[in-house]
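Quick one: structure below, then a few questions.
The values are calculated or read from the model by the stated rules, or taken from the named source; none is laboratory data. As the structure is a prediction and not an experimental result, all values here were calculated from the model. Note: ideal-geometry Cβ built from the backbone for every residue, glycine included; neighbour counts use all protein chains shown.
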Amino acid sequence: MKPVTNIESAEPTGAGVPASPRALARRRSQRGVALVTVLIAIAITLVISNEFGTATSTDLVAAANYRDQMRAHFLARSAVNFGELVIRIQQRLDNIKMLAGQVQITDYADQLVLPFCGGAEEVQAAVGFSPGAIKGLGADIGTCGFNGPLATEDDKINLNCANVQASWATLKSALDALVYFPAYDNVFDDNDAEGWHRDRAMQVAAIMDYIDSDTMHIKDRGTSEDYNYESLKDRYYAKNNYLDTPGELRLARGVDDRFWTLFGSAFTVYGSCKTNLSVITNTQLIAAILYLSAKNPTDPVLLDPRRLFLLASYVAKARQFGEIFLKNDDFIAFVKDPAASVGSLATQGGMAGSAATAALGAGLPGLQPGEKLGLELDPAKLAQIASTGPRRTYHVEAYGEIERKQKNKDGSPVFPPIRSTVTGVWDTKVVPQNVRKPVPKGAWVFLRED
(Lines give C-alpha, C1' and ligand atoms only; values in the text may rest on other atoms or scores of the structure.)
Protein backbone atom coordinates (compact mmCIF):
# COMPACT_ATOMS: atom_id res chain seq x y z
CA MET A 1 0.00 0.00 0.00
CA LYS A 2 1.09 3.62 -0.76
CA PRO A 3 1.87 5.91 2.20
CA VAL A 4 -0.77 8.44 3.08
CA THR A 5 0.33 12.12 2.61
CA ASN A 6 -0.31 14.55 5.46
CA ILE A 7 -2.68 16.86 3.70
CA GLU A 8 -2.76 19.32 6.63
CA SER A 9 0.95 20.24 6.19
CA ALA A 10 0.93 20.49 2.41
CA GLU A 11 -0.12 23.47 0.36
CA PRO A 12 -2.22 22.87 -2.72
CA THR A 13 -0.77 23.70 -6.09
CA GLY A 14 -4.08 23.82 -7.81
CA ALA A 15 -6.77 21.20 -8.55
CA GLY A 16 -6.18 19.79 -5.09
CA VAL A 17 -2.59 18.63 -5.93
CA PRO A 18 -0.10 19.29 -3.10
CA ALA A 19 2.96 21.50 -3.92
CA SER A 20 6.41 20.05 -3.97
CA PRO A 21 9.05 21.28 -1.51
CA ARG A 22 10.95 23.02 -4.38
CA ALA A 23 7.83 24.92 -5.45
CA LEU A 24 7.19 25.95 -1.88
CA ALA A 25 10.71 27.35 -1.54
CA ARG A 26 10.44 29.32 -4.83
CA ARG A 27 7.10 30.80 -3.77
CA ARG A 28 8.46 31.91 -0.41
CA SER A 29 11.38 33.68 -2.18
CA GLN A 30 8.94 35.72 -4.34
CA ARG A 31 6.92 37.11 -1.48
CA GLY A 32 7.00 41.05 -1.38
CA VAL A 33 7.81 41.46 -5.12
CA ALA A 34 4.45 43.11 -5.74
CA LEU A 35 5.06 45.57 -2.90
CA VAL A 36 8.52 46.50 -4.26
CA THR A 37 7.05 46.90 -7.74
CA VAL A 38 4.37 49.23 -6.42
CA LEU A 39 6.94 51.30 -4.50
CA ILE A 40 9.14 51.62 -7.61
CA ALA A 41 6.13 52.68 -9.67
CA ILE A 42 5.18 55.30 -7.07
CA ALA A 43 8.76 56.61 -6.95
CA ILE A 44 8.92 56.91 -10.74
CA THR A 45 5.55 58.64 -10.75
CA LEU A 46 6.75 61.10 -8.09
CA VAL A 47 9.92 61.87 -10.05
CA ILE A 48 7.95 62.42 -13.25
CA SER A 49 5.33 64.55 -11.52
CA ASN A 50 8.03 66.57 -9.74
CA GLU A 51 9.90 67.10 -13.02
CA PHE A 52 6.65 68.10 -14.68
CA GLY A 53 5.92 70.57 -11.86
CA THR A 54 9.44 72.05 -12.06
CA ALA A 55 9.23 72.41 -15.83
CA THR A 56 5.79 73.99 -15.55
CA SER A 57 6.99 76.46 -12.90
CA THR A 58 10.06 77.32 -15.00
CA ASP A 59 7.92 77.86 -18.08
CA LEU A 60 5.52 80.00 -16.06
CA VAL A 61 8.33 82.22 -14.73
CA ALA A 62 9.93 82.43 -18.18
CA ALA A 63 6.61 83.40 -19.75
CA ALA A 64 6.12 86.06 -17.07
CA ASN A 65 9.64 87.37 -17.72
CA TYR A 66 9.03 87.53 -21.47
CA ARG A 67 5.74 89.31 -20.83
CA ASP A 68 7.35 91.83 -18.48
CA GLN A 69 10.27 92.33 -20.86
CA MET A 70 7.81 93.20 -23.62
CA ARG A 71 5.98 95.57 -21.28
CA ALA A 72 9.26 97.25 -20.29
CA HIS A 73 10.18 97.58 -23.97
CA PHE A 74 6.97 99.34 -24.89
CA LEU A 75 7.12 101.56 -21.80
CA ALA A 76 10.63 102.62 -22.84
CA ARG A 77 9.45 103.29 -26.39
CA SER A 78 6.57 105.33 -24.98
CA ALA A 79 9.10 107.47 -23.12
CA VAL A 80 11.11 107.84 -26.36
CA ASN A 81 7.98 109.02 -28.16
CA PHE A 82 7.31 111.50 -25.37
CA GLY A 83 10.88 112.73 -25.71
CA GLU A 84 10.35 113.26 -29.44
CA LEU A 85 7.21 115.26 -28.65
CA VAL A 86 9.12 117.50 -26.22
CA ILE A 87 11.87 118.02 -28.80
CA ARG A 88 9.30 118.95 -31.47
CA ILE A 89 7.77 121.52 -29.11
CA GLN A 90 11.26 122.85 -28.36
CA GLN A 91 11.89 123.26 -32.09
CA ARG A 92 8.77 125.42 -32.36
CA LEU A 93 9.94 127.53 -29.43
CA ASP A 94 13.36 127.91 -31.05
CA ASN A 95 11.67 129.34 -34.15
CA ILE A 96 10.21 132.19 -32.07
CA LYS A 97 12.84 134.91 -32.16
CA MET A 98 12.06 136.32 -28.72
CA LEU A 99 12.33 132.89 -27.07
CA ALA A 100 15.19 131.35 -29.06
CA GLY A 101 17.84 130.03 -26.68
CA GLN A 102 16.11 131.35 -23.57
CA VAL A 103 13.38 128.75 -23.01
CA GLN A 104 14.67 125.18 -22.86
CA ILE A 105 11.91 122.78 -21.85
CA THR A 106 14.04 119.75 -22.76
CA ASP A 107 16.00 120.42 -19.57
CA TYR A 108 12.86 119.45 -17.64
CA ALA A 109 11.75 116.47 -19.75
CA ASP A 110 12.41 114.05 -16.88
CA GLN A 111 9.92 116.00 -14.77
CA LEU A 112 7.36 116.54 -17.53
CA VAL A 113 7.10 112.81 -18.19
CA LEU A 114 6.18 111.89 -14.59
CA PRO A 115 2.40 112.49 -14.91
CA PHE A 116 2.29 110.07 -17.85
CA CYS A 117 4.86 107.45 -16.89
CA GLY A 118 5.18 107.63 -13.13
CA GLY A 119 3.54 105.57 -10.45
CA ALA A 120 0.49 106.67 -8.48
CA GLU A 121 2.54 108.55 -5.87
CA GLU A 122 4.68 110.31 -8.51
CA VAL A 123 1.59 111.39 -10.46
CA GLN A 124 -0.03 112.63 -7.25
CA ALA A 125 3.08 114.66 -6.40
CA ALA A 126 3.43 116.04 -9.94
CA VAL A 127 -0.15 117.13 -10.72
CA GLY A 128 -1.86 117.10 -7.33
CA PHE A 129 -4.45 114.36 -7.95
CA SER A 130 -4.51 110.60 -8.48
CA PRO A 131 -4.12 108.96 -11.91
CA GLY A 132 -7.69 107.67 -11.81
CA ALA A 133 -9.08 111.22 -11.97
CA ILE A 134 -8.09 111.68 -15.63
CA LYS A 135 -7.72 108.97 -18.23
CA GLY A 136 -4.20 108.54 -19.61
CA LEU A 137 -2.26 109.64 -16.54
CA GLY A 138 0.29 107.30 -15.04
CA ALA A 139 1.42 103.89 -16.25
CA ASP A 140 -1.03 101.07 -15.54
CA ILE A 141 1.78 98.55 -15.22
CA GLY A 142 5.34 99.55 -14.31
CA THR A 143 6.98 102.93 -14.73
CA CYS A 144 8.95 104.76 -17.39
CA GLY A 145 10.88 107.99 -17.81
CA PHE A 146 14.26 109.52 -18.63
CA ASN A 147 17.64 109.12 -16.96
CA GLY A 148 18.00 112.84 -16.39
CA PRO A 149 17.26 115.79 -18.71
CA LEU A 150 17.63 115.53 -22.47
CA ALA A 151 21.30 116.31 -23.08
CA THR A 152 22.92 117.43 -26.33
CA GLU A 153 25.87 116.41 -28.48
CA ASP A 154 26.45 119.99 -29.64
CA ASP A 155 29.00 120.68 -26.90
CA LYS A 156 31.54 118.21 -28.31
CA ILE A 157 33.96 117.79 -31.21
CA ASN A 158 32.38 116.03 -34.19
CA LEU A 159 35.03 113.55 -35.35
CA ASN A 160 33.24 112.82 -38.62
CA CYS A 161 34.19 116.30 -39.78
CA ALA A 162 37.50 114.70 -40.75
CA ASN A 163 35.63 113.74 -43.93
CA VAL A 164 34.34 117.29 -44.51
CA GLN A 165 36.92 119.13 -46.57
CA ALA A 166 35.94 122.58 -45.32
CA SER A 167 36.24 121.52 -41.66
CA TRP A 168 39.22 119.16 -41.78
CA ALA A 169 41.80 121.76 -40.74
CA THR A 170 39.54 123.15 -38.02
CA LEU A 171 39.03 119.68 -36.55
CA LYS A 172 42.77 119.02 -36.53
CA SER A 173 43.42 122.33 -34.76
CA ALA A 174 40.76 121.52 -32.16
CA LEU A 175 42.35 118.12 -31.46
CA ASP A 176 45.81 119.69 -31.25
CA ALA A 177 44.53 122.24 -28.74
CA LEU A 178 42.65 119.61 -26.73
CA VAL A 179 45.80 117.57 -26.00
CA TYR A 180 48.21 120.51 -25.91
CA PHE A 181 48.22 121.34 -22.20
CA PRO A 182 51.29 120.29 -20.13
CA ALA A 183 49.05 118.52 -17.60
CA TYR A 184 48.76 115.66 -20.11
CA ASP A 185 52.52 115.09 -20.50
CA ASN A 186 52.37 111.78 -18.64
CA VAL A 187 49.97 110.36 -21.20
CA PHE A 188 52.33 111.01 -24.09
CA ASP A 189 55.60 110.30 -22.28
CA ASP A 190 54.57 106.65 -21.84
CA ASN A 191 53.64 104.03 -24.40
CA ASP A 192 50.00 103.21 -24.95
CA ALA A 193 48.43 99.95 -23.76
CA GLU A 194 49.77 98.11 -26.83
CA GLY A 195 53.31 99.42 -26.42
CA TRP A 196 53.05 102.03 -29.19
CA HIS A 197 54.93 105.27 -28.45
CA ARG A 198 53.50 108.48 -29.81
CA ASP A 199 53.74 112.18 -29.18
CA ARG A 200 50.86 114.64 -29.40
CA ALA A 201 51.24 115.30 -33.13
CA MET A 202 51.37 111.59 -33.95
CA GLN A 203 48.31 110.88 -31.79
CA VAL A 204 46.24 113.55 -33.53
CA ALA A 205 47.44 112.26 -36.91
CA ALA A 206 46.41 108.70 -35.98
CA ILE A 207 42.89 109.88 -35.11
CA MET A 208 42.49 111.95 -38.26
CA ASP A 209 43.91 109.24 -40.55
CA TYR A 210 41.70 106.55 -39.03
CA ILE A 211 38.58 108.52 -40.02
CA ASP A 212 39.37 110.50 -43.19
CA SER A 213 38.62 108.76 -46.47
CA ASP A 214 42.06 109.01 -48.05
CA THR A 215 45.10 106.82 -47.36
CA MET A 216 47.61 109.67 -47.11
CA HIS A 217 49.26 110.59 -43.84
CA ILE A 218 47.55 113.87 -42.74
CA LYS A 219 46.71 114.53 -46.38
CA ASP A 220 50.39 115.00 -47.28
CA ARG A 221 50.90 113.96 -50.90
CA GLY A 222 53.45 111.23 -51.43
CA THR A 223 52.94 109.75 -47.97
CA SER A 224 50.91 106.81 -46.72
CA GLU A 225 49.19 105.93 -43.47
CA ASP A 226 51.36 103.45 -41.61
CA TYR A 227 50.12 102.62 -38.12
CA ASN A 228 50.68 98.84 -38.26
CA TYR A 229 47.07 97.87 -37.63
CA GLU A 230 47.76 94.73 -39.67
CA SER A 231 50.55 93.63 -37.34
CA LEU A 232 48.41 93.71 -34.18
CA LYS A 233 47.42 90.45 -32.49
CA ASP A 234 43.83 90.96 -33.67
CA ARG A 235 44.57 92.77 -36.89
CA TYR A 236 42.18 95.11 -38.65
CA TYR A 237 42.30 98.13 -40.95
CA ALA A 238 41.66 101.82 -40.53
CA LYS A 239 38.02 102.63 -41.23
CA ASN A 240 38.71 105.59 -43.56
CA ASN A 241 35.05 106.51 -43.41
CA TYR A 242 32.44 108.08 -41.14
CA LEU A 243 32.21 106.62 -37.64
CA ASP A 244 28.85 105.21 -36.56
CA THR A 245 29.39 105.77 -32.83
CA PRO A 246 31.99 107.68 -30.78
CA GLY A 247 33.18 104.40 -29.26
CA GLU A 248 34.66 103.36 -32.62
CA LEU A 249 37.44 105.88 -32.02
CA ARG A 250 38.92 103.44 -29.52
CA LEU A 251 40.12 101.41 -32.50
CA ALA A 252 42.39 104.27 -33.59
CA ARG A 253 46.05 103.75 -32.70
CA GLY A 254 47.00 105.20 -29.32
CA VAL A 255 43.42 105.60 -28.04
CA ASP A 256 43.68 103.34 -25.01
CA ASP A 257 41.69 103.40 -21.76
CA ARG A 258 43.79 106.19 -20.27
CA PHE A 259 43.38 108.43 -23.31
CA TRP A 260 39.66 107.69 -23.53
CA THR A 261 39.11 108.43 -19.84
CA LEU A 262 40.72 111.85 -20.25
CA PHE A 263 39.29 112.95 -23.59
CA GLY A 264 36.45 110.59 -24.54
CA SER A 265 33.72 112.89 -23.22
CA ALA A 266 34.80 115.61 -25.67
CA PHE A 267 34.02 113.55 -28.81
CA THR A 268 30.87 112.88 -30.81
CA VAL A 269 29.92 111.80 -34.32
CA TYR A 270 26.65 113.73 -34.55
CA GLY A 271 25.63 117.27 -35.36
CA SER A 272 27.53 120.26 -36.66
CA CYS A 273 31.25 120.68 -37.22
CA LYS A 274 31.24 123.71 -34.89
CA THR A 275 30.88 123.50 -31.12
CA ASN A 276 27.79 125.26 -29.76
CA LEU A 277 28.92 127.82 -27.18
CA SER A 278 25.37 128.14 -25.82
CA VAL A 279 25.49 124.66 -24.26
CA ILE A 280 29.18 123.89 -23.75
CA THR A 281 30.16 122.61 -20.29
CA ASN A 282 33.36 120.58 -20.89
CA THR A 283 36.20 122.63 -19.36
CA GLN A 284 38.85 120.78 -21.43
CA LEU A 285 37.12 121.73 -24.66
CA ILE A 286 36.41 125.29 -23.47
CA ALA A 287 40.11 125.73 -22.66
CA ALA A 288 40.99 124.47 -26.15
CA ILE A 289 38.56 126.96 -27.75
CA LEU A 290 40.00 129.82 -25.69
CA TYR A 291 43.51 128.78 -26.69
CA LEU A 292 42.65 128.68 -30.40
CA SER A 293 40.64 131.90 -30.52
CA ALA A 294 42.77 134.16 -28.28
CA LYS A 295 43.70 137.45 -29.91
CA ASN A 296 47.14 137.40 -28.28
CA PRO A 297 48.75 133.90 -28.38
CA THR A 298 51.15 134.96 -25.61
CA ASP A 299 48.49 136.29 -23.23
CA PRO A 300 49.48 135.57 -19.59
CA VAL A 301 46.22 133.66 -19.06
CA LEU A 302 47.14 131.19 -21.81
CA LEU A 303 50.59 130.66 -20.31
CA ASP A 304 49.15 129.86 -16.87
CA PRO A 305 47.15 126.60 -16.94
CA ARG A 306 45.57 127.34 -13.55
CA ARG A 307 44.12 130.66 -14.70
CA LEU A 308 43.12 129.30 -18.11
CA PHE A 309 41.15 126.38 -16.68
CA LEU A 310 39.67 128.62 -14.01
CA LEU A 311 38.36 130.89 -16.76
CA ALA A 312 37.06 127.81 -18.60
CA SER A 313 35.20 126.74 -15.45
CA TYR A 314 33.46 130.15 -15.33
CA VAL A 315 32.31 129.67 -18.92
CA ALA A 316 31.02 126.19 -18.06
CA LYS A 317 28.97 127.68 -15.18
CA ALA A 318 27.78 130.72 -17.15
CA ARG A 319 24.18 129.51 -17.26
CA GLN A 320 24.23 129.09 -13.48
CA PHE A 321 25.38 132.70 -13.25
CA GLY A 322 22.39 133.74 -15.38
CA GLU A 323 24.40 134.27 -18.58
CA ILE A 324 23.04 132.94 -21.90
CA PHE A 325 25.22 133.13 -25.02
CA LEU A 326 22.78 134.07 -27.80
CA LYS A 327 25.59 135.09 -30.16
CA ASN A 328 29.37 134.85 -30.32
CA ASP A 329 29.75 138.45 -29.12
CA ASP A 330 28.06 137.50 -25.84
CA PHE A 331 30.67 134.79 -25.33
CA ILE A 332 33.53 137.15 -26.19
CA ALA A 333 32.25 139.78 -23.73
CA PHE A 334 31.86 137.24 -20.94
CA VAL A 335 35.34 135.78 -21.42
CA LYS A 336 36.90 139.25 -21.50
CA ASP A 337 35.63 140.05 -17.98
CA PRO A 338 33.41 137.41 -16.31
CA ALA A 339 33.03 139.41 -13.10
CA ALA A 340 31.81 142.50 -14.97
CA SER A 341 29.35 140.42 -17.03
CA VAL A 342 27.88 138.79 -13.93
CA GLY A 343 27.72 142.19 -12.21
CA SER A 344 25.81 143.64 -15.16
CA LEU A 345 23.33 140.79 -15.02
CA ALA A 346 22.82 141.33 -11.31
CA THR A 347 21.32 144.77 -12.00
CA GLN A 348 18.60 143.21 -14.13
CA GLY A 349 15.44 141.62 -12.84
CA GLY A 350 14.06 138.15 -13.38
CA MET A 351 15.69 134.77 -12.89
CA ALA A 352 18.96 135.79 -14.60
CA GLY A 353 19.38 138.75 -12.25
CA SER A 354 18.68 136.60 -9.20
CA ALA A 355 21.22 133.97 -10.29
CA ALA A 356 23.87 136.63 -10.96
CA THR A 357 23.24 138.30 -7.59
CA ALA A 358 23.64 134.96 -5.82
CA ALA A 359 26.89 134.30 -7.72
CA LEU A 360 28.33 137.68 -6.76
CA GLY A 361 27.27 137.19 -3.16
CA ALA A 362 29.14 133.89 -2.99
CA GLY A 363 32.11 135.29 -4.95
CA LEU A 364 33.54 133.78 -8.11
CA PRO A 365 35.27 130.60 -6.90
CA GLY A 366 39.02 130.23 -7.27
CA LEU A 367 39.96 133.91 -7.57
CA GLN A 368 42.49 135.37 -5.18
CA PRO A 369 41.56 138.62 -3.38
CA GLY A 370 41.91 141.49 -5.83
CA GLU A 371 42.65 139.13 -8.76
CA LYS A 372 40.97 139.80 -12.11
CA LEU A 373 40.59 137.21 -14.77
CA GLY A 374 39.77 137.62 -18.45
CA LEU A 375 40.94 136.95 -21.99
CA GLU A 376 40.40 138.89 -25.19
CA LEU A 377 39.25 136.73 -28.11
CA ASP A 378 39.47 137.20 -31.86
CA PRO A 379 35.92 137.09 -33.35
CA ALA A 380 37.16 135.70 -36.68
CA LYS A 381 39.10 132.86 -35.04
CA LEU A 382 36.19 132.03 -32.75
CA ALA A 383 33.72 131.93 -35.66
CA GLN A 384 35.83 129.25 -37.39
CA ILE A 385 35.49 126.75 -34.57
CA ALA A 386 32.34 127.65 -32.64
CA SER A 387 28.83 129.04 -32.99
CA THR A 388 25.79 129.84 -30.87
CA GLY A 389 22.08 129.24 -31.22
CA PRO A 390 19.44 126.55 -30.54
CA ARG A 391 20.53 122.99 -30.00
CA ARG A 392 20.76 120.79 -33.05
CA THR A 393 21.07 117.37 -31.41
CA TYR A 394 19.51 115.78 -28.34
CA HIS A 395 20.78 112.76 -26.44
CA VAL A 396 17.91 110.76 -24.92
CA GLU A 397 18.11 107.92 -22.39
CA ALA A 398 14.61 106.52 -21.82
CA TYR A 399 13.67 103.52 -19.71
CA GLY A 400 10.75 101.26 -18.91
CA GLU A 401 10.67 99.22 -15.72
CA ILE A 402 8.46 96.39 -14.47
CA GLU A 403 8.60 95.15 -10.89
CA ARG A 404 8.30 91.38 -10.60
CA LYS A 405 5.67 89.93 -8.28
CA GLN A 406 7.71 87.27 -6.46
CA LYS A 407 8.26 88.43 -2.87
CA ASN A 408 10.15 87.11 0.13
CA LYS A 409 8.47 86.66 3.49
CA ASP A 410 9.64 90.11 4.55
CA GLY A 411 8.05 91.69 1.46
CA SER A 412 11.31 92.33 -0.40
CA PRO A 413 11.41 91.31 -4.07
CA VAL A 414 13.00 87.98 -4.91
CA PHE A 415 14.27 89.22 -8.26
CA PRO A 416 15.30 92.72 -9.39
CA PRO A 417 12.86 94.58 -11.65
CA ILE A 418 13.02 94.08 -15.41
CA ARG A 419 14.32 97.24 -17.04
CA SER A 420 14.62 98.18 -20.70
CA THR A 421 16.70 101.24 -21.65
CA VAL A 422 16.63 102.95 -25.06
CA THR A 423 19.46 105.34 -25.90
CA GLY A 424 18.93 107.63 -28.88
CA VAL A 425 20.25 110.74 -30.60
CA TRP A 426 17.85 113.10 -32.36
CA ASP A 427 19.16 115.46 -35.06
CA THR A 428 16.84 118.38 -35.82
CA LYS A 429 18.50 119.04 -39.20
CA VAL A 430 18.10 115.57 -40.69
CA VAL A 431 15.28 115.04 -43.19
CA PRO A 432 13.56 111.63 -42.75
CA GLN A 433 13.81 109.34 -45.78
CA ASN A 434 11.05 107.32 -47.47
CA VAL A 435 8.16 109.22 -45.93
CA ARG A 436 4.78 109.32 -47.68
CA LYS A 437 4.17 112.97 -46.99
CA PRO A 438 6.39 115.93 -46.10
CA VAL A 439 7.24 116.13 -42.40
CA PRO A 440 9.25 118.63 -40.36
CA LYS A 441 12.99 118.18 -40.23
CA GLY A 442 14.36 115.94 -37.53
CA ALA A 443 14.93 112.21 -37.11
CA TRP A 444 16.55 109.64 -34.87
CA VAL A 445 20.08 109.11 -36.16
CA PHE A 446 20.90 106.54 -33.45
CA LEU A 447 18.77 104.14 -31.40
CA ARG A 448 19.91 101.29 -29.20
CA GLU A 449 18.01 99.18 -26.68
CA ASP A 450 19.68 97.52 -23.71
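Has segment 237-254 got at least one residue that is exposed (fewer than 12 other Cβ atoms within 10 Å of the Cβ) and of a type in the set (D, E, K, R)?
Among the residues of segment 237-254, not one is exposed (fewer than 12 other Cβ atoms within 10 Å of the Cβ) and of a type in the set (D, E, K, R), which makes the answer no.
Within segment 208-229, is even one residue loosely packed, with under 12 Cβ neighbours inside 10 Å and outside any loop (DSSP other than H, G, I, E, B)?
no
Just wondering, is there one or more residues in segment 102-120 that are without any contact (Cβ under 8 Å) to a residue 12 or more places away in the chain and within 24 Å of the chain's Cα centre (by Cα)?
Checked segment 102-120: no residue is without any contact (Cβ under 8 Å) to a residue 12 or more places away in the chain and within 24 Å of the chain's Cα centre (by Cα).
For (1) out of contact with any Pro (no Cβ under 9 Å at 6 or more places or on another chain); (2) aliphatic (A, V, I, L, M), each residue gets a yes or a no:
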{"position": "Thr37", "(1), (2)": "yes, no"}
{"position": "Ile42", "(1), (2)": "yes, yes"}
{"position": "Leu46", "(1), (2)": "yes, yes"}
{"position": "Asn50", "(1), (2)": "yes, no"}
{"position": "Asp68", "(1), (2)": "no, no"}
{"position": "Ser78", "(1), (2)": "yes, no"}
{"position": "Leu93", "(1), (2)": "no, yes"}
{"position": "Lys97", "(1), (2)": "yes, no"}
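Looking at Val61, Val33, Val113, can you tell me which residue is touching a strand residue (DSSP E or B) at 6+ places or on another chain (Cβ under 8 Å), modelled with pLDDT under 90 and at negative phi?
Val113
State which residue is nearest to Tyr227 (Cα to Cα) when the search covers only segment 169-197 and only residues that are part of a loop (DSSP other than H, G, I, E, B) and of a type in the set (Gly, Ala, Ser).
The qualifying residue nearest to Tyr227 (Cα to Cα) is Gly195.
Taking Gly374 as meeting all but one of (1) surrounded by fewer than 13 Cβ atoms within 10 Å (Cβ to Cβ); (2) outside the structural domain of Phe146 (by TED's automatic domain parsing); (3) at pLDDT below 90, write down the number of the exception.
Of the numbered conditions (1) surrounded by fewer than 13 Cβ atoms within 10 Å (Cβ to Cβ); (2) outside the structural domain of Phe146 (by TED's automatic domain parsing); (3) at pLDDT below 90, the odd one out for Gly374 is (1).
Here are some conditions: (1) of a type in the set (Gly, Ala, Ser); (2) modelled with pLDDT of 90 or more; (3) over 27 Å from the mean Cα position of the chain (by Cα). Ala183 meets all but one. Which one does it not meet?
Going through (1) of a type in the set (Gly, Ala, Ser); (2) modelled with pLDDT of 90 or more; (3) over 27 Å from the mean Cα position of the chain (by Cα) one by one, Ala183 breaks only (2).
Val123 versus (1) at pLDDT 90 or above; (2) touching a Pro at 6+ places or on another chain (Cβ under 6 Å): which is the lone unmet condition?
Only one criterion is unmet by Val123, namely (1).
Let me ask something else. Contact list please: Cβ distance under 9 Å, first residue in segment 218-235 and in the same structural domain as Met208 (by TED's automatic domain parsing), second residue in a loop (DSSP other than H, G, I, E, B) and aliphatic (A, V, I, L, M), pairs at least six apart or on different chains.
Close Cβ pairs satisfying both conditions: Gly222/Met216; Thr223/Met216; Ser224/Met216; Glu225/Met216; Glu225/Ala238; Tyr227/Ala238; Tyr227/Ala252; Tyr229/Ala238.
OK, next. Could you please find all residues in segment 318-341 being in contact (Cβ under 8 Å) with a residue 40 or more places away in the chain and not β-branched (Val, Ile, Thr)?
Phe325, Leu326, Lys327, Asn328, Asp329, Asp330, Phe331, Lys336
Hand me the list of helices (runs of 4 or more DSSP H) wholly inside segment 245-303 holding 2 or more residues that are in the same structural domain as Leu375 (by TED's automatic domain parsing), closer than 25 Å to Arg198 by Cβ and without any contact (Cβ under 8 Å) to a residue 60 or more places away in the chain.
Once the helices (runs of 4 or more DSSP H) in segment 245-303 are filtered for at least 2 residues that are in the same structural domain as Leu375 (by TED's automatic domain parsing), closer than 25 Å to Arg198 by Cβ and without any contact (Cβ under 8 Å) to a residue 60 or more places away in the chain, what remains is 257-263.
Residue by residue through segment 41-97, note down the ones that are more than 25 Å from Asn147 (Cβ to Cβ) and among the aromatic types (Phe, Trp, Tyr).
The one that is more than 25 Å from Asn147 (Cβ to Cβ) and among the aromatic types (Phe, Trp, Tyr): Phe52.
Thr275 - would you say it is surrounded by fewer than 22 Cβ atoms within 10 Å (Cβ to Cβ), at pLDDT below 95 and among the hydroxyl-bearing types (Ser, Thr, Tyr)?
So Thr275 fails the test.
OK, next. If Arg392 passes every condition in (1) in contact with a Leu (Cβ under 6 Å, 6 or more places away or on another chain); (2) over 23 Å from Thr143 (Cα atoms) but one, which one does it miss?
For Arg392, the failing item is (1).
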